[in-house]
1. Given H placed 1.01 Å from N in the peptide plane, which residues other than close sequence neighbours of Phe350 have an amide H under 5 Å from its amide H?
2. In whole Hz, with x marking every Gly and Pro, tabulate ³J(HN,Hα) for the stretch 354-363 from phi via Karplus 6.51 cos²θ - 1.76 cosθ + 1.60, θ = phi - 60°.
3. Hey, can you grab everything whose amide H is under 5 Å from the amide H of Ala13? Only 5+ residues off in sequence or another chain; H modelled, so Pro and N-termini drop out.
4. Using amide H atoms built in the peptide plane, which far-off residues or other-chain residues are under 5 Å from Glu300 H to H?
5. Which of Pro242, Pro28, Pro402 ends up with the largest GNM mean-square fluctuation for the chain, with Cα atoms connected below 10 Å?
6. Kindly put Arg403, Arg148, Arg395, Arg384 in sequence by how many other C-beta atoms sit within 10 Å of each C-beta, fewest to most.
7. Taking θ = phi - 60°, what integer Hz values does the Karplus form 6.51 cos²θ - 1.76 cosθ + 1.60 yield along the stretch 297-306, in sequence order, with x for Gly and Pro?
8. Note down the relative contact order for the stretch 102-273 as a percent, whole number, built from C-alpha pairs under 8 angstrom at least six residues apart.
Amino acid sequence: MNHFEYRDGVLHAEDVPVPEIAKAVGTPFYCYSTATLERHYRVFEAAMPKGTLVAYAVKANGSLAVIKTLAKLGAGADIVSGGEMKKVLAGGVPASKIVFSGVGKKRDEMAAALDAGIYQFNVESEAELDVLDEVAASKGAKAAVALRINPDVDARTHAKISTGKAENKFGIGWGRAKAAYAHAAKLPSVKVVGVDVHIGSQITELGPFREAFAKVADLVRDLRADGHEISRIDLGGGLGVPYDGSAAAPPLPDTYGAAVHEAVGKLDAQLIMEPGRLIAANAGVLVSEVIYIKRGDTKEFAILDAGMNDLIRPAMYDAWHEIVAVRTAPNVQRRVYDVVGPVCESADLFARDRELPQLSQGDLVAILTAGAYGAVQASGYNARPLAPEVLVKGRQFAVTRPRQTVDDMIAQERWPDWLL
């Protein structure tokens, strides 16, 4: 569910007409709904066993305003860099609710996380485990650790967002799990507290989750039998959202929560869940203006002022996003367009052969379900400044990240002396 709907033929973000925001901030821009963020978080939290730490996966949407909105509801944070740690602390997430994931943590990032007093490191390799032990020892600290184990489960999602198969870079191989825990137990400056697993993103069926969760439950029992005190189980995230209304709907949070209860609910361990896309995706849209309608020999193109630098998912993942006209009317004529951006790449394509209400130069369109992996993956390609981000709450809206300018981009660069 989201809070973007038509009223008298005009798309609204909660109670704010989208054209009103466009007039104030220009296009393109990202718009996020507070009500949607809050509802998605609450529904997910309610579906999980009592005491679960819901650690929002910041990589999905790192807007400080989004982080702050969720922190006020009690959310923790799943981070994958030192930069994300600084952001979530600035956004009001307590260090005691931060888990640090990612395959390439550097020593300075580990040190900063130890200084901050984060809840847990999700360690992804034996080499990382040894380095963390060294860094913690240098500080006289003891790092709480869950080892991320790769269960070799096919998430049946896009290859670029599958993380739980043996050939993926993530986690410690299933066959090495027990040896890795035995090694960790010998290190003086780490304390093994849990098991971590995450098999991928945009997973739309329960089967892969059930398979991975069952393997984790068996591993927890085996590790406890070997004398390890496993008090936490981090089951990651990955539950998908409905991008395409014609596709089978992903499981609802309560169905997913029932699978979690069934697999690990009786293991007497604190659960950690890391939803990201599920919380943020449908809470955001990318609003853009039609620059031109171009009639080619075989295609009609709607050329937008948003490009692949603003939203790369269609180019990178062949992702489908619903696109709607911001203003509509009954019985409007419909036409078929390739919806494209201005970037100098053939991959700068948001939709191919998409039937939409007839568009004209200057019309506004909204690309839906863009709240996750949208603004966070944006770039300045073609010297295109980053689009602003806007947060709506009821009848209010605020720019939470101003539009970057080309002058801002130039100011970040320097001439070498030999060019003066």
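1. Answer set, sorted by chain and number: Val339, Val340, Gly341.
2. For the stretch 354-363, the Karplus curve yields 9, 7, 9, x, 3, 9, 10, 3, x, 5 Hz.
3. Correct list: Val18.
4. It is Asp338, by chain and number.
5. Pro402
6. Lowest to highest Cβ neighbour count: Arg395, Arg403, Arg384, Arg148.
7. My calculation for the stretch 297-306 gives 5, 10, 9, 10, 10, 9, 9, 9, 8, 8 Hz in order.
8. Worked out over the stretch 102-273, it gives 20 percent.
Values quoted throughout were computed directly from the atomic coordinates according to the rules given, and no laboratory measurement underlies them. All figures in this text were calculated on a predicted structure; none of them were measured in a lab. FYI the Cβ positions are ideal-geometry reconstructions off the backbone, even for glycines, and counts take in every protein chain you see.
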